[in-house]
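Just below is one structure, and these are the notes that go with it.
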Amino acid sequence: SFSLARLGAQVTAVDFSEKAIQKARELKHQLKLDVQFIQSDINQLDQVLDQKFDLIFTSYGVLGWHPDLLRWAEIIHHFLMPGGRLILVEFHPVVWMFDDHFNKIAYEYMNGEAIIEHIEGTYADKNAALKDQSITWNHGLSTVIQALLKHQLNLQDFKEYNYSPYNCFEKTVQIAPDKYQIVGLENKIPMVYSLIAQKKG
C-alpha cells in the first residue's frame, strides 16, 4: 500500500485484522503518506465502503483464506470501475498440495474440504511463542479464473513462475536475489502465478 502511494496512487487498503490496521495507521503517520486503511471482512466490504477503483491489487497468501471465490470475484467486480483492472499475484495451488516439509502430497489441488492445521509460530517468525489453528482452502487455477470470468472480468494476462520471491517455506534454496525454490524440486513445480483481469467497460 505504501509503495503504491509513493508512486502517486490514491490508495485504499483493507485488512481483516484490527491489529494490522492499527499498525498500518501508525506507519502511515510516521511515513507521512496518504493511505486510507479500512478494517473489514472483505466479503462485507460493500456494506462499509462506497467507492469505485480503477485498480485492485491483491497479493501473496490472500485466496487461501476465502472459502467462496465466487463471492470474492463478485466483490472485485463491485468495486472496479468499468474498464478497471484486477492485478493478482499469488502462491501457486501446487505448492499448497504439499505438507509443510515438502516430503509428500498431502492436500487436494482442486477446491475441496477446508484444510485445518494446528500451527506453532508464524510465517514471519517460525520460532514465535504462538500456537493457533489455521483454516484455509486450496483453489485450483480454473476455480480462480472461472470465478473472474463469471463476473465479467476478462483475463488479459497470465503467467506462472518456478520460484517464490519470499523465503517463507521450509527446505528452500536461494537461486538468485529474491528467488527461492524448494530443495529437490528446483525447476520442477510452479510456485507463484500472476494474472490481470479487466472489468468490461
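Please work out which one of (1) touching a Cys at 6+ places or on another chain (Cβ under 9 Å); (2) buried (at least 16 other Cβ atoms within 10 Å of the Cβ) is the condition Ile76 fails and give its number.
(1)
Which numbered condition trips up Tyr166, out of (1) out of contact with any Pro (no Cβ under 8 Å at 6 or more places or on another chain); (2) open to solvent by 70 Å² or more (accessible area, probe 1.4 Å); (3) assigned to a strand (DSSP E or B); (4) touching a residue at least 40 places away in the same chain (Cβ under 8 Å)?
Unmet for Tyr166, out of (1) out of contact with any Pro (no Cβ under 8 Å at 6 or more places or on another chain); (2) open to solvent by 70 Å² or more (accessible area, probe 1.4 Å); (3) assigned to a strand (DSSP E or B); (4) touching a residue at least 40 places away in the same chain (Cβ under 8 Å): (3).
Tally time: how many residues in segment 54-102 are under 14 Å from Ile145 (Cα atoms), among the β-branched types (Val, Ile, Thr) and at pLDDT below 95?
Of the residues in segment 54-102, 0 are under 14 Å from Ile145 (Cα atoms), among the β-branched types (Val, Ile, Thr) and at pLDDT below 95.
Gln174 versus (1) assigned to a strand (DSSP E or B); (2) in contact (Cβ under 8 Å) with a residue 12 or more places away in the chain; (3) loosely packed, with under 14 Cβ neighbours inside 10 Å: which is the lone unmet condition?
Checking Gln174 against (1) assigned to a strand (DSSP E or B); (2) in contact (Cβ under 8 Å) with a residue 12 or more places away in the chain; (3) loosely packed, with under 14 Cβ neighbours inside 10 Å, the one that fails is (2).
Do you know which residues across segment 1-26 are among the hydrophobic types (A, V, I, L, M, F, W, C), touching a residue at least 12 places away in the same chain (Cβ under 8 Å) and either open to solvent by 60 Å² or more (accessible area, probe 1.4 Å) or in a loop (DSSP other than H, G, I, E, B) (or both)?
Leu4, Ala9, Phe16
State all residues of segment 94-110 that are part of a loop (DSSP other than H, G, I, E, B), without any contact (Cβ under 8 Å) to a residue 40 or more places away in the chain and open to solvent by 40 Å² or more (accessible area, probe 1.4 Å); if no residue qualifies, say none.
The answer is Asn103, Lys104, Ala106, Tyr107, Glu108, Tyr109, Met110.
Taking segment 25-56, which residues are among the charged types (D, E, K, R) and within 10 Å of Val14 (Cα to Cα)?
If the condition is that a residue be among the charged types (D, E, K, R) and within 10 Å of Val14 (Cα to Cα), then Asp41 is the only one that fits.
Against the definition (β-branched (Val, Ile, Thr), touching an Asp or Glu at 6+ places or on another chain (Cβ under 7 Å) and surrounded by fewer than 17 Cβ atoms within 10 Å (Cβ to Cβ)), how does Ile119 come out, yes or no?
Against the criterion (β-branched (Val, Ile, Thr), touching an Asp or Glu at 6+ places or on another chain (Cβ under 7 Å) and surrounded by fewer than 17 Cβ atoms within 10 Å (Cβ to Cβ)), Ile119 qualifies.
Counting just the residues of segment 5-26 that are among the aliphatic types (A, V, I, L, M) and in contact with a Phe, Trp or Tyr (Cβ under 7 Å, 6 or more places away or on another chain), which one comes out nearest to Ile56 (Cα to Cα)?
Residue satisfying both the conditions and the ranking: Ala13.
Does Val192 satisfy being of a type in the set (A, V, I, L, M), open to solvent by 40 Å² or more (accessible area, probe 1.4 Å) and at pLDDT 95 or above?
So Val192 does not fit the description; no.
Collect the residues in segment 16-40 that are modelled with pLDDT of 95 or more and under 22 Å from Ile76 (Cβ atoms), keeping them in residue-number order.
Ile21, Ala24, Val35, Gln36, Phe37, Ile38, Gln39, Ser40
Answer with yes or no whether Gln146 is of a type in the set (S, T, N, Q) and surrounded by 13 or more Cβ atoms within 10 Å (Cβ to Cβ).
yes
The values are calculated or read from the model by the stated rules, or taken from the named source; none is laboratory data. What you see is a predicted model; the values in this text were computed from it and never measured. Don't worry about glycine lacking a Cβ; one is built from the backbone with ideal geometry, like all the others, and counts go over all protein chains shown. For accessibility, only protein heavy atoms count, side chains too; no ligands or nucleic acids. Shrake-Rupley method; radii C 1.70, N 1.55, O 1.52, S 1.80 Å.
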